[in-house]
1. Enter the angle in degrees (range 0 to 90, nearest 10) between the Cα long axis of helix 45-56 and the first principal axis of the Cα atoms of the chain, meaning the one along which they spread out most.
2. Please list the non-local residues whose amide H lies under 5 Å from the amide H of residue 5, H modeled 1.01 Å from N, same-chain partners needing a gap of 5 or more.
3. Ignoring ligands, DNA and RNA, what accessible area per residue does the chain give at 1.4 Å, in Å²?
4. I'd like the carbon and sulfur percentage of the solvent accessible area for the chain, probe radius 1.4 Å, heavy atoms only, ligands and nucleic acids excluded.
5. Can you list the HN-Hα couplings for region 24-34, worked out from phi with the Karplus curve (6.51, -1.76, 1.60; θ = phi - 60°), rounded to whole Hz and with x for Gly and Pro?
Amino acid sequence: MATYVLVPGAGGDAGYWRYVEPELRTRGHDVVAVDLPGYDENAGLNEYVDIAVDAIGDRRDLVV
């Protein structure tokens, strides 16, 4: 099955996906829900990408 990478809007947290994540897992998918640093005014797209890439690790077959 696929790995779903759930990314909220800028500065959002993974809790936005609290209803979607369990449904995907029930269907046999791996899920990575990412928290983004909304508290950090200096964090931008590069930092957000780094956080997502770190959370994904070595998983493959991604759906973002």
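1. Helix 45-56 and the main axis of the chain meet at about 30 degrees.
2. Under 5 Å from the amide H of residue 5 lie the amide H atoms of 32, 63, 64, each far enough along the sequence or on another chain.
3. Per-residue value: 70 Å².
4. The computed percentage sits at 50.
5. Residue by residue, region 24-34 yields 5, 5, 4, 8, x, 8, 8, 9, 10, 9, 9 Hz.
The values are calculated or read from the model by the stated rules, or taken from the named source; none is laboratory data. Since this is a predicted model, take the numbers as computed values, not measurements. For the accessible areas, the whole protein counts, side chains as well, though only heavy atoms, and no ligand, DNA or RNA atoms are used. Shrake-Rupley method; radii C 1.70, N 1.55, O 1.52, S 1.80 Å.
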